[in-house]
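The values are calculated or read from the model by the stated rules, or taken from the named source; none is laboratory data. Everything numeric in this text was worked out from a predicted model, so none of it was measured. We place every Cβ from the backbone using ideal geometry, glycine too, and count neighbours over all the protein chains shown.
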Amino acid sequence: MKNKPILIVAGEPYGIFFEIFFKSIKKEVYKSPLILICCKKSLMVQMEKLNFNKKIRVLDPKNLGQNKIDNNKINLIDVKLHNSNIKKLKLKSIYIEKCFNFAFRLIKNGYTDKLINGPINKRTFLNKKFLGVTEYIASKFNKKKIGMLIYNKKLSVSPLTTHLPLKFVSKKITKKLIEEKIVIINDFFKKRLLLNPKIAVTGLNPHCESIDKFNEDEKIVSSAIKSLFKKKINIKGPYPADTIFLKANRKKFNVILGMYHDQVLAPIKTLFEYDAINVTMGLPFLRVTPDHGPNEKMFGQNKSNPLSLIQSIKFLDKR
């Protein structure tokens with residue numbers, strides 16, 4: 001099916017998602033039908049609060065394949081949020097999981113291969129069971145070899161370890177893991193983006209140097225890079241993390257693999273702010289999310305930037 005629908009799990013019901021969603025569909029036109037999965041009552045409350053007017057088409061998830069849909073209305077799969085009390089964290093998490101489960105069933109049934117989820121409070125939803133939503137979704141499809149890609153067409157980054165406390169990072173880094181992540185990145189760029197990527201890898205230590213007898217950059221990172229280069233992957237490094245993002249250096253690469261989360265996410269967000277999206281590599285479908293959190297403190301204020309959600313929808317709309 002051309003222009004397969006994009007399923008959109010609204011995510012945190014008391015975050016900024018509805019605001020940025022309204023702004024996204026008001027500002028842009030998309031070819032792929034958008035199907036919002038959330039509570040109709042919550043949606044209507046926010047439409048009124050934010051003075052957004054558009055008709056809602058409630059869909060029956062059991063008969064989606066029989067209906068031709070477009071974006072003239074908000075296409076909605078209604079998932080009831082029975083308690084609007086923001087303090088009822090357990091009920092809120094059950095609601096978000098129900099929304100995800102609707103999307104997962106439709107994907108597994110072959111209805112579409114495109115998913116966006118709105119920002120989610122990982123601390124309350126995941127309850128320390130997963131490092132992040134990336135890992136949560138991968139578990140539902142029994143996928144262990146996955147990767148997080150913060151994507152911008154000018155430069156993307158991928159952390160080797162995701163939401164892992166810094167004190168555990170060095171223990172997690174292995175030659176096998178680096179090789180696995182690089183293969184995932186290389187395959188994703190070739191198959192999904194139709195691009196043979198130029199990949200840079202950072203070192204773990206400042207300046208790739210260490211006063212310790214065991215230097216991970218020499219013993220592990222360099223060894224993995226040499227092995228991958230022999231396999232005809234366009235890869236270089238390790239580079240010091242404090243200089244690889246200089247303008248002259250970053251122009252040489254499509255993607256930079258860092259050893260830990262903030263090592264590469266802090267620079268990319270500084271460079272592009274909201275003009276980047278979070279893509280999960282290694283899934284049997286395309287999953288994208290805006291590259292920012294739910295920002296519950298801004299709930300209902302109508303001051304949030306929708307660019308990352310717009311770019312998320314555009315990314316899937318082209319595929």
Please go through segment 5-30 and pick out each residue that is hydrophobic (A, V, I, L, M, F, W, C) and in a loop (DSSP other than H, G, I, E, B).
Ala10, Ile16, Val29
Quick count over segment 203-220, residues being at pLDDT 95 or above and in contact with a Pro (Cβ under 6 Å, 6 or more places away or on another chain), is 1
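Would you mind finding the one in Leu316, Leu265, Leu309, Leu283 that is touching a residue at least 40 places away in the same chain (Cβ under 8 Å), more than 23 Å from Ala10 (Cβ to Cβ) and not basic (Lys, Arg)?
Values: Leu316 fails: more than 23 Å from Ala10 (Cβ to Cβ); Leu309 fails: more than 23 Å from Ala10 (Cβ to Cβ); Leu283 fails: more than 23 Å from Ala10 (Cβ to Cβ).
Criteria check complete, one pass: Leu265.
Does segment 306-319 contain at least one residue that is part of a loop (DSSP other than H, G, I, E, B), buried (at least 21 other Cβ atoms within 10 Å of the Cβ), at pLDDT 95 or above and not aliphatic (A, V, I, L, M)? Quick ask: steps written out before the conclusion?
Residues of segment 306-319 that are part of a loop (DSSP other than H, G, I, E, B), as a first pass: 306, 318-319.
Retained after the next criterion (residues that are buried (at least 21 other Cβ atoms within 10 Å of the Cβ)): 306.
Going one step further and asking which of them are at pLDDT 95 or above, we end up with 306.
Now narrow it down to the ones that are not aliphatic (A, V, I, L, M): 306.
Yes, segment 306-319 has at least one match.
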Residue check, Lys143 against (1) in contact with a Gly (Cβ under 8 Å, 6 or more places away or on another chain); (2) closer than 18 Å to His261 by Cα, all met but one. Which one?
(2)
Under the condition of being in contact with a strand residue (DSSP E or B) (Cβ under 9 Å, 6 or more places away or on another chain) and among the charged types (D, E, K, R), which residue from segment 54-87 is modelled with the lowest pLDDT?
Asp60
So, in segment 111-135, of the ones that are hydrophobic (A, V, I, L, M, F, W, C) and within 14 Å of Ala10 (Cα to Cα), which residue ends up farthest from the chain's Cα centre (by Cα)?
Phe125
For segment 198-221, give me each residue that is among the hydroxyl-bearing types (Ser, Thr, Tyr) and crowded, with 22+ Cβ neighbours inside 10 Å.
Thr202
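Are any residues in segment 128-142 part of a loop (DSSP other than H, G, I, E, B) and surrounded by 15 or more Cβ atoms within 10 Å (Cβ to Cβ), and if so, which ones?
Hits for segment 128-142 are Phe130, Leu131, Gly132, Phe141.
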Among all residue pairs at least 6 apart or on different chains, which show Cβ distances below 6 Å where the first residue, located in segment 71-82, is in the same structural domain as Met44 (by TED's automatic domain parsing) and buried (at least 18 other Cβ atoms within 10 Å of the Cβ) and the second is in a loop (DSSP other than H, G, I, E, B) and among the β-branched types (Val, Ile, Thr)?
Asn75/Ile69
Which numbered condition Lys154 misses (of (1) under 29 Å from Lys128 (Cβ atoms); (2) surrounded by fewer than 16 Cβ atoms within 10 Å (Cβ to Cβ); (3) at pLDDT 95 or above):
(1)
Take segment 163-197 and flag every residue that is buried (at least 18 other Cβ atoms within 10 Å of the Cβ), touching a Ser or Thr at 6+ places or on another chain (Cβ under 7 Å) and closer than 23 Å to Pro284 by Cβ.
Lys181, Ile185
Some residue of segment 89-112 being in contact (Cβ under 8 Å) with a residue 40 or more places away in the chain and part of a loop (DSSP other than H, G, I, E, B)
yes
